[in-house]
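Q: Shown below is the structure under consideration.
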Amino acid sequence: MKVDGQTKIDLFQEIMPIVMQYLAANFADDALIADDIIEFFALSIASVIQNDTNLTTPQLQRKGVEAAGKHIAHWVRLLKLDHEHRGAALLAMTIGAVASDETKQ
């Protein structure tokens, strides 16, 4: 990987609220559900895999999908440990569901 994990987390914290707001705006009652968010990012991952010129066969594309799954599993493990350490999930902190240490002071 060329971009470090913290940089990816920082970008996540910038774009995730925007993605969630945009998706929620398409519902009359702003009832955004996890499946809609997951579907959006699945579309994003699929478009990257489909556009990768190194993945020219269905078998290679399947390997790309498997690699994406491994990345997801890796982040799930890291975020679980982080949640246990901080006492709050990254998504909850990102969307403001949990006050940060700075806002508690």
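The values are calculated or read from the model by the stated rules, or taken from the named source; none is laboratory data. In this text the structure is predicted, and so the values were computed from the model without any measurement. Using ideal geometry, Cβ is built from the backbone for each residue, glycine included, and neighbour counts are taken over all protein chains shown. With ligands, DNA and RNA removed, areas are computed over all heavy atoms of the protein, side chains included. Shrake-Rupley method; radii C 1.70, N 1.55, O 1.52, S 1.80 Å.
Q: Just flag the trypsin sites (Lys or Arg not before Pro) in region 1-87 sitting in loop per DSSP whose Cβ has no more than 14 other Cβ atoms within 10 Å.
A: Lys2
Q: Can you match volume of the Cα convex hull per residue in Å³ to one of these, (i) 103; (ii) 92; (iii) 131, based on a calculation from the structure here?
A: Structure-derived value, by its label: (iii).
Q: May I pose another question? For the chain, what does the helix formula give at 222 nm: sum of -39500 (n - 2.57) over DSSP H segments with n ≥ 4, over the residue count, nearest 500 deg cm²/dmol?
A: Taking each H run of at least 4 residues, the total per residue is -24000 deg cm²/dmol.
Q: Something else now. Using alpha-carbon pairs under 8 Å, 6+ residues apart, how would you state the relative contact order of the chain in percent?
A: For the chain, the relative contact order is 20 percent.
Q: Of Pro58, Leu78, Ala46, whose Cα points farthest to the positive end of the dipole of the chain (charges on the beta-carbon: +1 Lys, Arg; -1 Asp, Glu; origin at the Cα centre)?
A: Sorting the options by dipole projection puts first Pro58.
Q: Please list, in order along region 75-80, the HN-Hα scalar couplings obtained from phi with the Karplus expression 6.51 cos²θ - 1.76 cosθ + 1.60 (θ = phi - 60°), rounded to whole Hz, x for Gly and Pro.
A: 5, 4, 4, 4, 5, 5
Q: Would you tell me the accessible area of Leu78, worked out with a 1.4 angstrom probe on the heavy atoms of the protein chains, in Å² to the nearest 10?
A: Ignoring ligands and nucleic acids, Leu78 comes out at about 70 Å².
Q: Still on this structure: Looking at the chain as a GNM with Cα springs under 10 Å, which of Ala25, Ala89, Ala46 has the largest mean-square fluctuation?
A: It is Ala25.
Q: Rank Asp52, Asp4 by accessible area, highest first, at a 1.4 Å probe radius?
A: Result of the area sort, largest leading: Asp4, Asp52.
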